[in-house]
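*Asks:* One structure, as structure tokens, below. Some questions next.
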Amino acid sequence: MSKNKINTFIMIMVFILIGSFPFLVGSSYNTHNQTSAQAGIPTATFIPEVPRQVTFAGQTIDLTRYDLRERMDRELTAFTYTHSTTSMMIKKANRYFPIVEPILQANGIPDDFKYLMVIESNLNTLARSPAGAAGLWQFMEGTGKEFGLEVNKNIDERYNIEKATRAACKYLKNGYNKYGDWLTVAASYNAGMSRISNALSQQGVEKATDLWLNEETSRYMFRMIAAKMVLENPKQYGFMMKKENLYPAIPYEQVKVKTEIPSLVNYAKQKGITYAQLKDANPWLRGTSLENKSGREYILNIPSKEGMNYDPSRIVPHYKNWVVD
């Protein structure tokens, strides 16, 4: 075959391939799409089911009424699809629920109120709102002081998990004595007792679920219930975790201090830890020193060296439902 004929043949073949390329690509693309559609996994959107009723703090809430059902549906869907936030909540709950649950029980507060703490702070111990609410329970400064927390530039016990939980118990107990309904108590935690009391009186109803409220407070009660539903059974809502995904409790040595600590940096070094580790274990320390001019007793958590090392084999799920293994 001559050189000219060879070149002509090559050109013809190139044109044939180019012409057939869209067909080949389209065929492959359609086959892939059909496979994906049949599998259903990459593009599937799961719609969480709203039950006919739920329980919270021993009370049954009927969700067959359209407005209550739709409020529940909104929050349940939000928790299901804010994947990163909900995942982190489950991980952190393994560390903080064992601290909070005994305090709630000892103070006669229903265990379900740990979910109020969940929605207040997303279980971020350093959480601070634009309005100035702080800690896991998101106390405002004035409310924190009212319920026995020390709040100043050097010490802020709103960031002390145990003390803030006890203060929250006092608030919640006062609310229940006033309203006799735990969901109304929860609404008052968000909006304030005076606002909820005025709304109940003006609208002629007895429970906060029947009130016309601002959107934040209206959603608040159902966000709390949604948090309970998802964290009690995360697998049902698509959150599949292994035990090593959970955050373990960190063992501490508790040291009583009644004097000033001029330098927390030096104090941490004396305890064999870093200043950062001391602050992480005691976020209520707000400065680089502990002034303690009144000689008050404080308890500092000093993390053990062994406990600070991550060992997946030693992680114990606080709730077995959190993990798939």
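*Asks:* If Lys and Arg each add +1 and Asp and Glu each add -1, what is the summed charge of the other residues whose beta carbon sits under 10 Å from the beta carbon of Val323?
*Replies:* Values: positive: Lys235, Lys242, Lys243, Lys320; negative: Glu244, Asp325.
Combined, the nearby Lys, Arg, Asp and Glu give +2.
*Asks:* Between helix 182-191 and the chain, what is the angle of the helix's C-alpha long axis to the longest principal axis, kept within 0 to 90° and rounded to the nearest 10?
*Replies:* That works out to roughly 90 degrees.
*Asks:* Roughly how many debye, to the nearest 20, is the charge dipole of region 172-325 about its Cα centre, given +1 on each Lys and Arg Cβ, -1 on each Asp and Glu Cβ, and no other charges? Can you show the working numbers first?
*Replies:* Working: 21 positive and 15 negative charges, 62 e Å.
Computed about the Cα centre, the dipole is about 300 debye.
*Asks:* Could you work out the helix-only [θ] at 222 nm for the chain, with each DSSP H run of four or more residues adding -39,500 (n - 2.57) and the total divided by the number of residues, to the nearest 500 deg cm²/dmol? Display every interim value, and only then the final one.
*Replies:* Values: 12 runs with 167 residues, N = 325.
That comes out to -16500 deg cm²/dmol.
*Asks:* From the Cα gyration tensor of region 53-245, with a ≥ b ≥ c the square roots of its eigenvalues, which class applies: rounded if a/c is under 1.5, or else prolate if a/b is larger than b/c, or else oblate? The partial results should precede the final answer.
*Replies:* Numbers: a/c = 1.64, a/b = 1.02, b/c = 1.61.
The shape class here is oblate.
*Asks:* Given the C-alpha centroids of region 251-277 and region 167-209, what is the distance between them in whole angstrom?
*Replies:* 41 Å
*Asks:* Rounded to two decimals, what ratio of Rg to Rh does region 141-232 give with C-alpha atoms and a Kirkwood Rh? Can you show the working numbers first?
*Replies:* Values: Rg = 14.6 Å, Rh = 14.3 Å.
Rounded to two decimals, Rg/Rh equals 1.02.
*Asks:* Collect residues whose amide H, placed 1.01 Å from N in the peptide plane, falls under 5 Å from the amide H of Phe139; neighbours closer than 5 in sequence don't count.
*Replies:* The list, which skips near neighbours in sequence, is Ala134.
*Asks:* Neighbouring Cβ atoms within 10 Å as the yardstick, rank Trp212, Trp137 fewest first.
*Replies:* Fewest-to-most Cβ neighbours within 10 Å comes out as Trp212, Trp137.
*Asks:* Let me ask something else about it. Test of understanding: in a Gaussian network model of the chain with alpha carbons linked when under 10 Å, which of Arg296, Arg95, Arg195 would top the mean-square fluctuation ranking?
*Replies:* Of Arg296, Arg95, Arg195, the Gaussian network model singles out Arg296 as fluctuating most.
*Asks:* Viscosity 0.692 mPa s, temperature 37 °C: what is the translational diffusion coefficient of the chain from Stokes-Einstein with a Kirkwood Rh over Cα pairs, rounded to a whole number of µm²/s? Display every interim value, and only then the final one.
*Replies:* Details: Rh = 23.5 Å.
Here the translational diffusion coefficient equals 140 µm²/s.
*Asks:* I'd like the orientation of helix 161-179 relative to the chain: the angle between its Cα long axis and the longest Cα principal axis, in ° from 0 to 90, rounded to 10.
*Replies:* Rounded to the nearest ten degrees, it is 80.
*Asks:* Something else: Any of Lys91/Lys320; Lys163/Lys258; Lys242/Lys279; Lys163/Lys256 with alpha carbons more than 19 Å apart? Name them for me. Mind dumping the intermediate values first?
*Replies:* Values: Lys91/Lys320 13 Å; Lys163/Lys258 17 Å; Lys242/Lys279 29 Å; Lys163/Lys256 15 Å.
Over 19 Å apart, Cα to Cα: Lys242/Lys279.
*Asks:* With the contact rule set at Cα under 8 Å and sequence spacing of 6 or more, what percent relative contact order holds for the chain?
*Replies:* Relative CO of the chain lands at 17 percent.
*Asks:* Out of all Cα-Cα pairs in region 252-318, roughly what percent, to the nearest whole number, are more than 19 Å apart? Mind dumping the intermediate values first?
*Replies:* Numbers: 774 of 2211 pairs.
The proportion of pairs with Cα distances above 19 Å equals 35 percent.
*Asks:* Can you tell me the FRET efficiency between Thr60 and Gln236 if r is taken as the Cβ-Cβ distance and R0 is 22 Å, rounded to the nearest 0.05? Numbers along the way, then the final one.
*Replies:* Numbers: r = 20 Å, r/R0 = 0.91.
The calculated FRET efficiency here is 0.65.
*Asks:* Also: Taking the Cα atoms only, what angle lies between the long axis of helix 3-39 and the longest principal axis of the chain, rounded to 10 degrees?
*Replies:* 40 degrees
*Asks:* Which residue, Leu290, Ile250, Ser313, has the largest displacement toward the positive end of the dipole of region 185-325 when charges sit on each Cβ (Lys, Arg +1; Asp, Glu -1)?
*Replies:* Most positive-ward Cα: Leu290.
Bear in mind these aren't lab numbers, they're just calculated from the coordinates by the rules spelled out. As the structure is a prediction and not an experimental result, all values here were calculated from the model. When we count neighbours, we look across all protein chains shown, and the Cβ atoms used for this are built from the backbone with ideal geometry, even at glycine.
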